[in-house]
1. Each residue of segment 78-83 in turn: what ³J(HN,Hα) in whole Hz from Karplus with 6.51, -1.76, 1.60 and θ = phi - 60°, glycine and Pro shown as x?
2. Consider the candidate values (i) 16.7; (ii) 14.8; (iii) 15.9; state which one is Kirkwood radius over Cα pairs in Å computed from the structure displayed.
3. Specify the angular offset, from 0 to 90 degrees and rounded to the nearest 10, of the alpha carbon long axis of helix 53-66 from the longest principal axis of the alpha carbons in the chain.
4. Relative to the longest principal axis of the chain, what angle (0 to 90°, nearest 10) does the C-alpha long axis of helix 2-13 take?
5. Using a 1.4 angstrom probe with every protein chain in place, what is the largest-first accessible-area order of Ile118, Ile6, Ile71?
6. Relative contact order for segment 44-141: what percent, with Cα pairs under 8 Å and sequence separation of 6 or more?
7. Describe numerically, in nm with one decimal, the distance between label points set 7 Å from Cα along Cα→Cβ at Gln82 and at Gln15.
8. Could you work out [θ]222 nm for the chain from helices alone, using -39500 (n - 2.57) per DSSP H run of at least four and dividing by all its residues? Round to the nearest 500 deg cm²/dmol.
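The values are calculated or read from the model by the stated rules, or taken from the named source; none is laboratory data. Quick caveat, the model's predicted, so the values are computed rather than measured. All Cβ positions, glycine included, derive from the backbone under ideal geometry; neighbour counts span all protein chains shown. Just the protein is used for accessible areas: all its heavy atoms, side chains included, with ligands, DNA and RNA removed. Shrake-Rupley method; radii C 1.70, N 1.55, O 1.52, S 1.80 Å.
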Amino acid sequence: LLGLCIVAAAFLLYQYPLTAFAPLVLVAFVVETMLALGLAFLLASMSVIVRDLMQVVPLLMQLLVYLSPVIYPLTSVPKGLQSVLAFNPLSAVFATYQETLFYGQFTVGGSLLLGAVISAVILVGGYLTFKRVEWQFADLR
């Protein structure tokens, strides 16, 4: 949310024109939030059982970001790998940010929908896993 506020301030400061597709950034933000919350539920519940998991999480998060088109457009990825990247929800989120804000278009609707479904599955799965192991958490009152 802070990042979106910074981008909005920069757009206002530099008087960058927004297109009709700019509100779709909020949809991408919701998908990103669902994924983050789902991963948080999942990792919190799994770290109770597997104590050393938190040592591996930074590496996994870095790998997830490297497999996402953050600084490169999705179109620069070879066609064979684009179908693999389609299963990374962050890939669709970042492509939506790039296309709607910088290119004034929205051609990744299918990828964003797939990312939303994957993020929703991770959110529900993470929440159910969290609720299943919640009784094992230490009560530190």
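1. Working through the residues one at a time gives x, 3, x, 8, 5, 5 Hz.
2. From the options (i) 16.7; (ii) 14.8; (iii) 15.9, the structure gives (i).
3. Here the helix axis deviates by roughly 10 degrees.
4. Taking the Cα atoms of the chain, the angle to 2-13 is about 20 degrees.
5. Correct descending sequence by accessible area is Ile71, Ile6, Ile118.
6. 29
7. Here the answer is 3.6 nm between the modelled labels.
8. My calculation for the chain gives -22000 deg cm²/dmol from helical runs alone.
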